[in-house]
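Novice: Just dropping this structure here.
The values are calculated or read from the model by the stated rules, or taken from the named source; none is laboratory data. Please read all numbers here as calculations on a predicted model, not as lab measurements. Cβ coordinates were reconstructed from backbone atoms using ideal geometry, including for glycine residues, and neighbour counts include every protein chain displayed. Just the protein is used for accessible areas: all its heavy atoms, side chains included, with ligands, DNA and RNA removed. Shrake-Rupley method; radii C 1.70, N 1.55, O 1.52, S 1.80 Å.
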Amino acid sequence: MLSVDRRTEVLRLLGLARRAGAVVSGTEAVRGAIRQGEAHMVLLAGDASHSQLKKVERTLENRSIPRSRLGTRAILGAAVGRAPVSAVAVTGASFAKQVQLKLDLLAGGVSDEAEE
């Protein structure tokens, strides 16, 4: 049986990570987390402005930090309890791993049985 909505699962996981203090949001905070080696994953809003995306992408250059596009600025912001944001960094390694797994499953359309 396929999951109800993997994207919703990812967004809920981001909210949990925020409550655990394992997320930073906003372009400058995300760039700082990347520079300081604290970011384990970066999520970018699909409707973020070109200039905001470029700032984050330049900071990510030559770094092996996973990144993905997820939802809109409003959706990403709501997931972490903020106003619309262009970027979110997951700073907790275990949360980042879980988010990556959910995103991989979302991209591949894998069933719940394969997840177990």
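Novice: Rounded to the nearest 20 debye, what is the charge dipole size of the chain about its Cα centre when +1 sits on each Lys and Arg Cβ and -1 on each Asp and Glu Cβ?
Specialist: Magnitude of the dipole: close to 600 debye.
Novice: What accessible area per residue comes out for segment 40-87, rounded to a whole number of Å², with a 1.4 Å probe?
Specialist: 51 Å²
Novice: Could I ask something else about it? Please compute the contact order of the chain in relative form: average sequence separation of alpha-carbon pairs under 8 Å and at least six residues apart, divided by the residue count, as a percent.
Specialist: Relative contact order for the chain comes out at 40 percent.
Novice: Quick check: at a probe of 1.4 Å, how many percent of the accessible area of the chain sits on carbon and sulfur atoms?
Specialist: That share works out to 51 percent.
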